[in-house]
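Below is one structure, written out as structure tokens, with a few remarks after it.
A short reminder: the numbers here are calculations on the coordinates, not readings from a lab. Source: prediction; values computed, not measured. Glycine also receives a Cβ, built like all others from the backbone with ideal geometry; neighbour counts cover every protein chain displayed.
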Amino acid sequence: FTVTITNVNEAPVITSISTGSVGENAATATVIYTVTSTDVDGSATVTYSIKPGVDDASLVSINATTGAVTLNNSANFEAKPSYTFTVVATDNGTPGLTDEKSVTVSVTNVNEAPTDITLSNSSIAENSAVNSVVGTLSTTDVDAGDSFTYSLVSGTRDTDNTSFFIAGSSLKLTPSPNFEAKSSYSVRLRATDAAGAIFEKQFTINITNVNEAPTDIILS
């Protein structure tokens, strides 16, 4: 007797790991993961898809033939530190059989430069004492918890840098200001974050007039 074994379609098996990583600011269409699979049915053709409606399915796309998963938008660690989606492998048998796997791709943080410098006050009354504090400096940066140092730097509209100095985050005016002699100063400041990225900005410091007593009487 001869017993014939009839072939039965068997499901593909996804062999790629369930994790991946991508650098922050990676461009749209960056490949963040590639699905691989095996199928004991040697002649089977396997296609790939993202399971719709699950986790972050709407934020990624997949090449059905190569299994390459790409971003629909640039990665931003501060907005979204990871992506989770389910990949599906489907063979061309009858019926078509599938395997699926949940994947998490982490976004690695990248230091980003500061985007603004703010001075809490930009005016000071004339006759203020030498080395008076004009205002306190602060910085806008998407990297939460970053630290900053401040400096006066050469560049556009740095005309009066020599009349100021910085102590910590305080901008101080070296001479006692005199409205009648000089009603405003122009300085250029730089904020440097902990990783060395910088942002520069020009500030105008206005001197406010203060009424002063007469200093002499002349009799013709």
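Across every direction, the projection of the convex hull enclosing the Cα atoms of the stretch 156-220 has a mean area of 6.5 nm².
Computed from the alpha carbon positions, the gyration tensor of the stretch 123-173 leads to an equivalent ellipsoid with semi-axes of 23, 15, 9 Å, biggest first. Using only Cα coordinates, the Kirkwood hydrodynamic radius of the stretch 64-220 works out to 20.5 Å.
Sorting the segments 98-107, 48-57 by their mean number of nearby beta carbons within 10 angstrom, highest to lowest, gives 98-107, 48-57. Loop-located GluC sites (Glu not before Pro) across the stretch 130-220 with a Cβ neighbour count of 13 or fewer within 10 Å are GLU180, GLU212, with loop assigned by DSSP. Each 5 Å bin from 0 upward holds the following percent of the Cα-Cα pairs of the stretch 1-95: 3, 13, 21, 20, 14, 10, 7, 5, 3, 2, 2, 1, 1, 0. In summary, the aspartates and glutamates within cross-link reach of LYS101, defined as a Cα separation below 16 angstrom excluding same-chain residues under 8 places away, comprise ASP39, ASP55, ASP56, ASP91. Stretched out straight at 0.36 nm per residue, the stretch from ALA113 to SER184 would grow longer than its current Cα-Cα span by 22.6 nm.
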